[in-house]
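Since every read-out is calculated from the coordinates, none of them should be taken as a lab result. Here the structure is a predicted model, which is why all the values come from computation and not from measurement. A quick note on method: Cβ atoms are made from the backbone with ideal geometry, for glycine too, and the neighbour counts reach across all protein chains shown.
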Amino acid sequence: MKNTIIKFAVAAILGLSVIAPIATFATHYTSNQEEVESNIETKILQSLNADSMYNNIKTLAKTPRVAGTQQEDAAVAFIKKQFESYGYKTKVQAFTFNDYTAPHTIGLEVERFSVKLDPQALEYSVSGKVTGEVIDAGLGQKKDLEQMDLTGKIALLQRGVISFKEKMLNVAAKGAIGVIFFNNEPGNIMGSLGEPHEGFVPSVLLTQTEGETMISHIKKYPRAVASLKIEGAKSEKNTSHNVIATKKPNVSKKAKETHDIVVISAHHDSVAGAPGANDDASGTAMTLELARVMKAIPTHTEIRFITFGAEELGLLGSTHYVEHLSKGEISRIVANFNLDMVGSKDAGDLILQTVDNKPNLVTELAQEASTDLNGEPTPYNQGENSDHVPFAKAGIPAALFIHNPAEPWYHKPEDSIDKISKEKLKDVSEIVTLAVMNQTRREYYAK
Ligand code: BES
Ligand code: ZN
């Protein structure tokens, strides 16, 4: 009840257009006004500034911020500067990743083969131009290849049982100079060799039908020669960054400090071609705003404000961060609040997502806060598409804050500043701030 009062007091002070509180609340509000206004939590909630979040989103979302590009570097510099302007010591954590450029040209021609082929590239396939006889190498397991000499040949390999990478390395070890993979079920897939490897030879991926037709063809013409051409593919090491600002416990009595850590996170990178105003400049700006308003207040628990790089490439920044925590730190982190896509006008309502679809400390804190602020708990469901995942996998209570359903502009050039709602930013930031304050200042309430 106390925080319900706070919300209305805050709304009244800020002059927000909220529906008038029902009579009982209004009575409480009036009779407790002085107490409410002197309350530090109230002041913090009041000082959350939607304009400031909006402006930071605007700055960040001028361009896409693809991991490893100059635009990501500029975003990192901006975030660091903002944290520092609030008085934080900030750490920039670099990590490397494999950046793959897909080929611009893929060609496959087979002697006397008249069916039109549509060969696809596999991620991490190398460039090159090779010509050789096509040999059916089955599934490409070591045991399938024992009696085969593939020197100078192009191996035809069916998908299944072992990975594309293993098949590739097995036939290359037997002398193959190129590989034609084909699917083992109808439909198209995005094939990947998993990671770059020096032992790779040029390769393509065909559909099941194309592959089976090819098998019949080489049965009919056993010495059929194929030419395989991949141009423009390259794998490079690239570097992305996480930005970390830490607020140490700062209660007056040291004995009151906990050894716990609460992590508030978002990702600052975007996909190519999308300015990523909502995904996820919104979460980044909210993380900054929480850091700003929390700076001055006493907390007995450490809070880390982190923006991750390379989320869009497979949660790389958060995975690197969690993998490089000590066992001690992992056991001290009691909660990860991950903010991703928290400000779109065109998305649905706020939802929490956990990896195991179960409640945890984060969902409980958020539901307590949303009930106090808005009269109902934010619902949760299952989801594993953001940076809360590595935390959850390390056994840390973690949840994603996101609006559901997502806006139609998700990962599109239209994910721009004009689609951002200050009301949504304000709403989510209030819930997260109150939830974090409840966890990191709990004993201030228990008088
Ligand atoms: N913000 C999205 C995740 C998202 C989008 C969750 C819509 C729920 C609804 C995130 O940046 C993203 O795009 N994630 C990837 C997965 C990740 C493992 C690379 C995705 O969802 O494709
Ligand atoms: Zn995202």
Quiz prompt | the range 365-379 - phi-based ³J(HN,Hα) in whole Hz, Karplus 6.51/-1.76/1.60, Gly and Pro as x | solution = 5, 5, 5, 4, 5, 5, 5, 5, 7, 10, x, 8, x, 5, x
Quiz item: Roughly speaking, what is the centre-to-centre gap between the range 95-140 and the range 191-219 when only Cα atoms are used, to the nearest Å?
Solution: 6
Quiz item: Taking a quarter of the surface of the Cα convex hull of the chain, what do you get in nm²?
Solution: 24.5
Quiz item: How fast does the range 350-424 diffuse by Stokes-Einstein, in µm²/s, taking the Kirkwood radius from C-alpha pairs at 25 °C and 0.890 mPa s?
Solution: 181
Quiz item: Over the chain, what is the relative contact order in whole percent, taking alpha-carbon pairs under 8 Å and six or more residues apart?
Solution: 19
Practice problem: Take the Cα coordinates of the range 313-447, assign each an equal point scatterer, and use the Debye formula without solvent to give log10 I(q)/I(0) at q = 0.12 Å⁻¹. | Solution: -0.50
Quiz item: Using Cα pairs under 8 angstrom and six or more residues apart, how large is the relative contact order of the range 342-415, in percent?
Solution: 47
Practice problem: Enumerate the amide H contacts of Gly178 below 5 Å, restricted to partners 5 or more residues apart or on another chain; note that Pro and chain-start residues carry no placed amide H. | Solution: Ala155
Exercise. Take the alpha carbon gyration tensor of the range 51-92, find the square roots of its eigenvalues, order them as a ≥ b ≥ c, and report rounded if a/c is under 1.5; if not, report prolate when a/b exceeds b/c, else oblate.
Key: oblate
Quiz item: With the dipole of the range 300-404 worked out from charges on the C-beta (+1 for Lys and Arg, -1 for Asp and Glu) around the Cα centre, which of Leu313, Pro377, Ser344 lies farthest toward the positive end?
Solution: Leu313
Quiz item: Does anyone have the angle between helix 164-173 and the longest principal axis of the chain? Alpha-carbon axes, 0 to 90°, nearest 10?
Solution: 40
Exercise. Relative to the longest principal axis of the C-alpha atoms of the chain, give the angle of the C-alpha long axis of helix 2-14, reported between 0 and 90° and rounded to the nearest 10°.
Key: 90
Practice problem: Give me the angle, in degrees from 0 to 90, between the Cα long axis of helix 208-220 and the longest principal axis of the Cα atoms of the chain, rounded to the nearest 10. | Solution: 10
Quiz item: Tell me, how many Å apart are the Cα centres for the range 248-282 and for the range 327-358?
Solution: 11
